[in-house]
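Right, one structure below, let's go through it.
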Amino acid sequence: MPNDATSPYATYLSHLEKGELAYQFSPAANRAVFFPRVLCPYTGSDKLEWRVSKGRGTVYATTVVHPAEGQPFNVALIDCDEGFRLMSRVEDVAPDAVKMGMRVKFRVHKPGGENDPIPVFTPEAA
Amino acid sequence: MDGLKRGAAAIVGVAESDLGQVADGMSPMDLVAQGVQRALADCGLTLKDVDGLFCAMTQARMSIVQMIEYLGIAPKFIGSSMTGGSSFEFHVAQAAAAIQAGLCSVAVIAYGSTQRSVGRKQSSAREINPYETPFNPFMPTSAYALAASRHMHEFGTTREQLAEVAVAARKWAQLNPVAWEKKDLTVADVLKSRMISYPFTVRDCCLVTDGGGAVVMTSAERAKSCKKPPAYVLGCGHGVTHASISCMPDLTVTGAKAAGEAAYKMAKLSAKDCDMVQLYDAFTINTVLFLEDLGFCPKGEGGAFVSGGNIAPGGKLPVNTNGGGLSYCHPGMYGLFILIEGVRQLRGESGARQVKKHDVAMVHGNGGVLSAQASVILGSGATV
């Protein structure tokens, strides 16, 4: 069997480069899979489809990190409407104003340099 | 755990190494050796008797190999499962299985860490997770903080209730001569301390100390000829639900539920039969979550359960009677120390902090970010 041509992470990243939040869907389990991987953790099937999220979700859990130096910042777990959860942060709002149950929408953040783009969120209402 | 026989193996020797801040240049393996030597002396056995070895630590990739070199023995059976702080509770089940199967007759489980001396960053290799690391969570604290946030949201648990866990731990520590932090601590003190990752201040978080130790296990039959009363392994169970916090199915329910259920089933006991709980309190939320998941109170009521001195000295349920990872000692992988405390309490040798009824101890280890849970139920001679 030939080697896979791309890794799950590379595919995920190529979508982020285009401003898309991609996830996998397992037809065998009939549910979303995240983080991207080579087999479905619910069924063991290697038939995973790539899909692009509509980028809407709800804050599941949130914390404000207070670093030894610099300003406090938000870290949150976001439940996307397609049924997968990821770690991210909510921007455009004070870190302690991020509340569980808050509706949020995706945007891509490109830190530049050697750093890969990452998915961040903003309040849906904003 | 199916296949393991209730009470067939026992912990016969326990000891801590030097704790807190150890001498300059002391290595993690020096602390392991101290622990082994002292734990063997505790039960009257020698290195010549040891034919099973178990070890896990963050400062040595092949700790068991280093341990064999250091001790100069050739064990018949070795194990080095690495599940973070719960490694040693997993090792107890593995050692019990090996003893039951005749693969070894005397097993030593050991740990050592110089985390305080060398600094937290030097004591464990940083792992990069491309789906979490870019968001700069302060790990592991932020993972537990996320779980705490969710518990507060769903059940109305308060920061004051979390602080009660730290206060109870401090009160136990004040009764433990070797505890690291013994200053008086109030709920208000916890709340006004330096914020680390909301809702946790530094007082909701475990200590950063050096330390190590060992426990010695053998068959129930051989245990009878050891120096001190055996602590029988009545039940073992585990539950691993995830590795990274973003993959934890429900942040308010841990693998301790499955771990506890399996351990109770093997022990033919339930939470109400336990005279004490020694659990891994890396953060104040741990105590709340594990008391719920292990059946000491209903889900969501942990905050109320830990309040009003209920788990402190003189309270209804003694929890973390050594002062815990919050106030006694926390070298990074604390799970070995709860086994040591459970055994000492069962023997009745815990001095000022000795609990009155001491026949059954629930010992519960936690590893990773609420990831790898393992329960061990220990019992006195009256339970077998």
Check: Within segment B:273-362, which helices (runs of 4 or more DSSP H) (wholly inside it) include 2 or more residues that are over 23 Å from residue B:7 (Cα atoms)?
Finding: B:284-293, B:302-305, B:324-327
Notebook entry, point to check: Are there any pairs with C-beta distances below 8 angstrom linking a residue in segment B:1-23 that is more than 22 Å from residue B:37 (Cβ to Cβ) to a residue that is in a loop (DSSP other than H, G, I, E, B) and among the aliphatic types (A, V, I, L, M), with the two at least 6 apart or on different chains, and if so which?
Noted result: B:6/B:384; B:7/B:384
Margin query: Restricting to segment B:111-161, count the residues that are within 14 Å of chain A (Cβ to nearest Cβ), more than 20 Å from the chain's Cα centre (by Cα), of a type in the set (Ser, Thr, Tyr) and surrounded by fewer than 23 Cβ atoms within 10 Å (Cβ to Cβ).
Written below: 2
Checklist line | Considering residues of segment A:79-108 that are in contact with a helix residue (DSSP H, G or I) (Cβ under 9 Å, 6 or more places away or on another chain) and part of a strand (DSSP E or B) only, the residue farthest from residue A:64 (Cα to Cα) | finding: A:108
Check: Condition test on residue B:88, is it closer than 23 Å to residue B:216 by Cβ and crowded, with 16+ Cβ neighbours inside 10 Å?
Finding: yes
Next item on the list: Give A:69, A:91, A:49 a once-over and let me know the one that is among the acidic types (Asp, Glu) and in contact with a His (Cβ under 9 Å, 6 or more places away or on another chain).
Entry: A:91
Check: Mind checking which residues of segment B:36-46 are in contact (Cβ under 8 Å) with a residue 12 or more places away in the chain and either assigned to a loop (DSSP other than H, G, I, E, B) or crowded, with 19+ Cβ neighbours inside 10 Å (or both)?
Finding: B:36, B:39, B:40, B:42, B:43, B:44, B:45
Check: Can you name the helices (runs of 4 or more DSSP H) wholly within segment B:47-155 that have at least 1 residues being within 16 Å of residue B:282 (Cβ to Cβ) and out of contact with any strand residue (DSSP E or B) (no Cβ under 9 Å at 6 or more places or on another chain)?
Finding: B:120-123, B:141-155
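Residues in segment A:26-53 that are part of a strand (DSSP E or B) and touching a residue at least 40 places away in the same chain (Cβ under 8 Å): how many?
Selection size over segment A:26-53: 3.
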Next item on the list: Give me the pairs, please: first residue somewhere in segment A:69-83 and more than 8 Å from chain B (Cβ to nearest Cβ) and of a type in the set (Asp, Glu), second residue anywhere and crowded, with 18+ Cβ neighbours inside 10 Å and not in a strand (DSSP E or B), beta-carbon distance under 8 Å, and either six or more positions apart or on two chains.
Entry: A:81/A:53; A:82/A:53
Next item on the list: Would you tally the residues in segment B:162-179 being more than 14 Å from chain A (Cβ to nearest Cβ) and either hydroxyl-bearing (Ser, Thr, Tyr) or assigned to a helix (DSSP H, G or I) (or both)?
Entry: 11
Margin query: I need the full set of residues from segment B:1-35 which are in contact with a Phe, Trp or Tyr (Cβ under 9 Å, 6 or more places away or on another chain) and part of a helix (DSSP H, G or I), in order please.
Written below: B:28, B:29, B:30, B:31, B:32, B:33, B:35
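Can you list the strands (runs of 3 or more DSSP E) found entirely within segment B:182-241 that contain at least 2 residues being within 20 Å of residue B:55 (Cα to Cα) and in contact with a helix residue (DSSP H, G or I) (Cβ under 7 Å, 6 or more places away or on another chain)? So that I can check it myself, show each step before the final result.
Working: elements: B:195-197, B:211-219, B:231-240.
Correct list: B:211-219, B:231-240.
Just so you know, all these numbers are worked out from the coordinates, no wet-lab data involved. Given the structure is predicted, the values throughout are model-derived calculations rather than measurements. Reconstructed Cβ throughout: ideal geometry from the backbone, glycine too, with neighbour counts over all protein chains shown.
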